[in-house]
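Inspection log for the structure reproduced underneath, given as structure tokens.
The values are calculated or read from the model by the stated rules, or taken from the named source; none is laboratory data. Fair warning: this is a prediction, and the values are worked out from it, not measured in the lab. Because the Cβ atoms are built from the backbone with ideal geometry, glycine has one as well, and the counts that use them run over all protein chains shown.
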Amino acid sequence: MKTTPLYEKHLALSAKMVEFAGFQMPVQYAKGVSLEHETVRKSTGVFDVSHMGEFSIKGLDAKSFAQYALTNNVEKISAGKAQYTCLLNAAGKTLDDCILYQLQDDDYMLVVNASNIDKDFAHLQKIAQDKKFNVKLENVSEEYALLAVQGPKTQEILQTLCTVNLSEISYYHFAICEIAGVKDVIISNTGYTGAGGFELYVKASEAVKIWDKLMAMGVEPIGLAARDTLRLEMGFCLYGHELSENTNPLEANLAWVVKFEKDFMGKDALLAEKSKGLSKKLIAFELLEKAIPRQGYTIFDTNNNPIGEVTSGSLSLSLNKGIGLGYANLANTAIDSNILIKIRDKFIPAKVCTLPFVEKTVK
């Protein structure tokens, strides 16, 4: 089992540790998930997400390689900008969802999900080899720690530690600066909570220094459980739930990161799926009675016919009601459609709704 550079810090804070993607990770701390969730929505908290993977992509063909390997249009970003995108297989199915950072003209960093690091890297290596791209790929995941400092008060707190003006870093932009005496930190205006904040990519050996400084300033540690409830309130996809090699990005409402005007791995298969017509689509729903939906629960129409399956579900700690995401037959995906979620032996009424469940706050 792998650990992050902050493992001992989590133990000292009496975190409940669980296995996640091959790592020992903190799922919650002593105050519990509800208070951690509220802290991020109203103030600031810090997540250790150092289990995420980072790949370096350099060389004369770095841009053209990224343009082919990923679904979004890399031409739209430049140095200092990041881009949400997908990595597909030849069948047009989702290998991963990622964030691409352009560091310089021929220098990119691709951030991938922890559970997919080995799979993604092998896939990218094969693309480079098969298509003969002049590119150097390197898995630098163990060189980095990643701290996600999230919440509406994050900018105010981090600004006292940071050598750049954080108000000038727009959403999905980043800077490289010194934070709490640690040099060459990539500070990115991204996140997975919808509450605003920044993500800090720091050398693994320096992570404790920044963590300790944040703790000394009263920033609360937040575990993976609250990270999940926060991202669900935004309707953000999670690989292994909404995204997998059994789904494609069009079904997952990620058509906005798929640019058919360019060539990319899986394009032909995805175009064929699109022209044939999708049979299912990701929906958001809220329960109309007190209950909690969970992954794997069956979705029914009002005639008790099975039409899909829940991919993520929880009690919204902001709304105090059951919410979820799931795939349903296309005929049952219209907003305000009435559906049923089978929870144990009961059919709980629910309604298809728009996203996000909770209003988003950026910075």
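Can you find, within the range 163-196, the residue that is nearest to GLU233 (Cα to Cα) among those that are of a type in the set (A, V, I, L, M) and part of a loop (DSSP other than H, G, I, E, B)? Checked the range 163-196; the qualifying residue nearest to GLU233 (Cα to Cα) is ALA195.
Here VAL352, VAL358 are screened, and the one residue that is surrounded by 13 or more Cβ atoms within 10 Å (Cβ to Cβ), in a loop (DSSP other than H, G, I, E, B) and in contact with a Ser or Thr (Cβ under 6 Å, 6 or more places away or on another chain) is VAL358. So is LEU319 part of a loop (DSSP other than H, G, I, E, B), more than 19 Å from the chain's Cα centre (by Cα), outside the structural domain of SER167 (by TED's automatic domain parsing) and of a type outside the set (D, E, K, R) or not? The answer is yes for LEU319. When residues in the range 54-97 are screened for being in a strand (DSSP E or B) and either out of contact with any strand residue (DSSP E or B) (no Cβ under 7 Å at 6 or more places or on another chain) or not charged (D, E, K, R) (or both), 13 of them pass.
Restricting GLN155, GLN150 to those that are farther than 17 Å from VAL202 by Cα and within 23 Å of the chain's Cα centre (by Cα) reduces the list to GLN155. Residues in the range 211-221 that are of a type outside the set (D, E, K, R) and either not assigned by TED's automatic domain parsing to the domain that holds LEU11 or not in a strand (DSSP E or B) (or both): TRP211, LEU214, MET215, ALA216, MET217, GLY218, VAL219. Run down LEU232, LEU243, LEU224 and say which single residue is closer than 25 Å to GLU286 by Cβ and outside the structural domain of GLU54 (by TED's automatic domain parsing). Just one listed residue meets the conditions, LEU243. If we keep just the residues of the range 123-155 that are among the acidic types (Asp, Glu), in a helix (DSSP H, G or I) and in contact (Cβ under 8 Å) with a residue 24 or more places away in the chain, which is nearest to ALA21 (Cα to Cα)? Per the stated criteria, the residue is GLU142.
The set of residues from the range 27-50 being over 16 Å from MET217 (Cα atoms) and assigned to a helix (DSSP H, G or I) comprises VAL33, SER34, LEU35, GLU36, HIS37, GLU38, ARG41, LYS42. Within the range 249-267, being touching a Gly at 6+ places or on another chain (Cβ under 8 Å) and not in a loop (DSSP other than H, G, I, E, B) holds for one residue alone: LYS267. Residue count for the range 15-70 under the criterion of being closer than 22 Å to GLU138 by Cβ and under 18 Å from the mean Cα position of the chain (by Cα): the result is 11. For the range 223-241, taking the residues that are under 11 Å from the mean Cα position of the chain (by Cα) and not in a helix (DSSP H, G or I), the one that is farthest from GLY92 (Cα to Cα) is identified as GLY235. Being in the same structural domain as MET52 (by TED's automatic domain parsing), modelled with pLDDT of 95 or more and in contact with a strand residue (DSSP E or B) (Cβ under 9 Å, 6 or more places away or on another chain) holds for only one residue in GLN129, GLN159, GLN155, and it is GLN155.
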